[in-house]
Every structure is written in C-alpha cells, then in structure tokens.
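Q: Pasting a structure here, questions to come.
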Amino acid sequence: MRRTVREIGWAVRGACRGSDPELFFPPAPSVEQESRAKAVCAGCPVLDDCRAYAVRAAEPEGIWGGLTVKERRGLRFPAGWRQRAAG
C-alpha cells in the first residue's frame, strides 16, 4: 500500500508545506518552474528524507527532494545497470 503525504511525518516540516502544489506538480513543466521548485527544496530541513522517500517509492511525478522524475530514476537505475547485472 502506498503511503500518502499525510502519513509521512517529516513532510509537515518541509519547506514546501505552504507552497502551491502546482509548483512541484505543474500541469506543464518548464525549466523556470523546475528551478523555482528546486530553490524551495534547497533550504529544506527534510530534503534528505523527502529525496529518500521519493526514490524508494518511485514517485512517478513532481519535484521531490529537489529532484525531478528523471533525476530520481537516474539514482535508482544508474547508467549501465543492466549490463552489470547481466554480466
């Protein structure tokens, strides 16, 4: 069962808690929006917890822990991971 943000105790201490959710989950992502969201994350006291949760849960959308979906995917599946596993 997936946990909701309400169930994640550290989330209430996040720098994003008072921000518009569309900043982190935009209908049309842009470089500017991504930079603004990451700026909020940069000074967040729970950045590491947020990032670890998003990577572990494979969050499919949004900026979590200062990382985009593509950046989180890169942490979960680094370049060449298939070749190393097959060898």
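Q: Which net charge results for the neighbourhood of residue 24, defined as the other residues with beta-carbon distances under 12 angstrom from its beta-carbon, given Lys and Arg at +1 and Asp and Glu at -1?
A: With Lys, Arg at +1 and Asp, Glu at -1, the neighbours total -2.
Q: Given N residues in region 5-86, what is Rg(Cα) / (2.2 N^0.38 Å)?
A: It is 1.16.
All of the numbers you see were taken from the coordinates with simple rules; none came from a lab. Worth saying up front: this structure is predicted, and the values here are computed from it rather than measured. Ideal geometry is used to build each Cβ from the backbone, glycine not excepted, and the neighbour counts take in all protein chains shown.
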